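As structure tokens, the structure follows; a few thoughts come after it.
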Amino acid sequence: MTEKMKVHYSSASNEWGTPQALFEVLDKYYHFTLDPCATKENHKCKKYYTIEDNGLSKDWGEEVVFMNPPYSRGEQSKWIKKAWESSKKGAVVVCLIPARTDTKFFYDYCSHASGIIFLVGRVKFIQNGKPTSSAPFPSCIVIFAGNNLNLNQKICWKRQFEL
């Protein structure tokens, strides 16, 4: 395994910044108001929570949330559950996650999402302000909208920008 690829399999960092182009495409449609899984350096919305703020403990109310959660297995399921629960209370939550359709959390929560967009190609996440090598896993966008959007189909989205 090359040095560039080791970072993708390491637990040295749990934070994988979202490429700006990907965020902008989604933001044009959703107009996000909250980024609950951010750092001061990589937040995508004016309102954001850092690890110190503990976004899991906050009420997301009727926010329109963009969420790129921590990628460790134990953490990711907590965030996906929070997204699903928050959508039931009025929030719209759009999640960028690995397309791990074989996991319990994907079955328990994502299979009930308003929409799932399977991305073509591999995302180049941002670390230290720079794109990494392509992720070694496929990614998807999971949309939890409760009754807020008329998205009752699972869809596949062809790449309209460079991942």
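Derivation of every value follows stated rules applied to the coordinates shown; laboratory data play no part. Nothing here was measured: the structure is a model prediction, and the numbers come from that model. No Cβ is skipped: glycine too gets one built from the backbone with ideal geometry, and neighbour counts run over all protein chains shown.
Check region 126-137 and report whether any residue there is under 13 Å from the mean Cα position of the chain (by Cα), surrounded by 15 or more Cβ atoms within 10 Å (Cβ to Cβ) and farther than 18 Å from Leu56 by Cβ. Checked region 126-137: no residue is under 13 Å from the mean Cα position of the chain (by Cα), surrounded by 15 or more Cβ atoms within 10 Å (Cβ to Cβ) and farther than 18 Å from Leu56 by Cβ. Might you let me know whether region 47-69 holds any residue that is part of a helix (DSSP H, G or I), of a type in the set (A, V, I, L, M) and surrounded by 13 or more Cβ atoms within 10 Å (Cβ to Cβ)? Yes, because at least one residue in region 47-69 is part of a helix (DSSP H, G or I), of a type in the set (A, V, I, L, M) and surrounded by 13 or more Cβ atoms within 10 Å (Cβ to Cβ). For region 81-98, the set of residues classified as in a strand (DSSP E or B) and either over 13 Å from the mean Cα position of the chain (by Cα) or under 10 Å from Pro36 (Cβ atoms) (or both) consists of Val93 only. The number of residues in region 16-54 that are under 26 Å from Arg122 (Cβ atoms), in contact with a helix residue (DSSP H, G or I) (Cβ under 9 Å, 6 or more places away or on another chain) and free of Cβ contacts under 8 Å to residues at least 24 places away in the same chain comes to 3.
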